[in-house]
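Below is one structure, written out as structure tokens; the observations come after it.
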Amino acid sequence: MATQELLTEEEEQQIIAAINKTEQKTTGEVRVHIQKQCNGNALEHAARIFHDLGMDATKRKNGVLIYIAFEDHKAAVYAGKGIDKQVQEGYWNDVLNILLTHFKKDEFAKGIQEAISEVAGKLAELYPYEHDDIDELTNEISYQDN
């Protein structure tokens, strides 16, 4: 299966719409990255992808990356320093569990959307939208075929 085949075109557009909706309520940034395999620790790899996507360069350091390596059945949620220090311990694992619960049922799009929804609430609470906010990063899903 090619990386882009994990989601249908319609599901991909629904996820992008969920990201757009999230970012209308917050200054935070959300990205989704999907690849086939992850050699090693998913959270460590997500941290590298976070940097590669420029998410650590955002003004408020409040980006959140949802990382998925579907062939290896690995995933991680990685957040910028600004938001990470403000959430309660275990919060990112709770978001990850939402994702994994749906993935076990082959509900990939639903799991991603519900994880985004959970993150959206926290971002809006901690970083509410400001009238002069600009969207610092693309909302497109990034893919990597290994």
In degrees, nearest 10, the alpha-carbon axis of helix 42-52 is tilted away from the dominant principal axis of the alpha carbons of the chain by 60
For the chain, averaging the sequence separation of alpha carbon pairs under 8 Å that lie six or more residues apart and dividing by its residue count, the contact order in percent is 38
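Rounded to the nearest 20 debye, what is the charge dipole size of the chain about its Cα centre when +1 sits on each Lys and Arg Cβ and -1 on each Asp and Glu Cβ? It would help to have the intermediate numbers written out before the result.
Numbers: 15 positive and 27 negative charges, 97 e Å.
Once rounded to the nearest 20, the dipole reads 460 debye.
Let me know the Kirkwood hydrodynamic radius for the range 22-126, please, with Cα pairs as the basis and the value in Å to one decimal.
Details: mean 1/r = 0.0733 Å⁻¹.
Kirkwood hydrodynamic radius for the range 22-126: 13.6 Å.
If I stretch the segment between Ala17 and Thr138 completely, what's the gain in nm (0.36 nm per residue apart, minus their alpha carbon distance), one decimal? Could the numbers behind the result be given before it?
Details: separation 121, 0.36 × 121 = 43.56 nm, distance 1.20 nm.
Using 0.36 nm per residue and subtracting the Cα-Cα distance, I get 42.4 nm.
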Multiply the residue separation of Thr8 and Asn93 by 0.36 nm, subtract the distance between their alpha-carbon atoms, and state the gained length in nm to one decimal.
27.9 nm
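Lysine pairs in the range 22-126 with Cα distance under 13 Å, only those 8 or more apart or on different chains: how many are there? Write out the running numbers ahead of the final one.
On the way: Lys25/Lys122; Lys36/Lys74; Lys59/Lys81; Lys61/Lys81; Lys61/Lys85; Lys74/Lys104; Lys85/Lys122.
The result is 7.
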Highest mean first, what order results for 16-27, 128-139, 113-124 on Cβ atoms within 10 Å?
113-124, 16-27, 128-139
Could you state the angle between the C-alpha long axis of helix 91-103 and the longest principal axis of the C-alpha atoms of the chain, as a value from 0 to 90 degrees rounded to the nearest 10?
40
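Values in this text are rule-based calculations from the coordinates and carry no lab data. The structure displayed is predicted, hence computed values, not measured ones. Methodologically, a virtual Cβ is constructed for each residue, glycine included, from the backbone with ideal geometry; neighbour enumeration extends over all protein chains shown.
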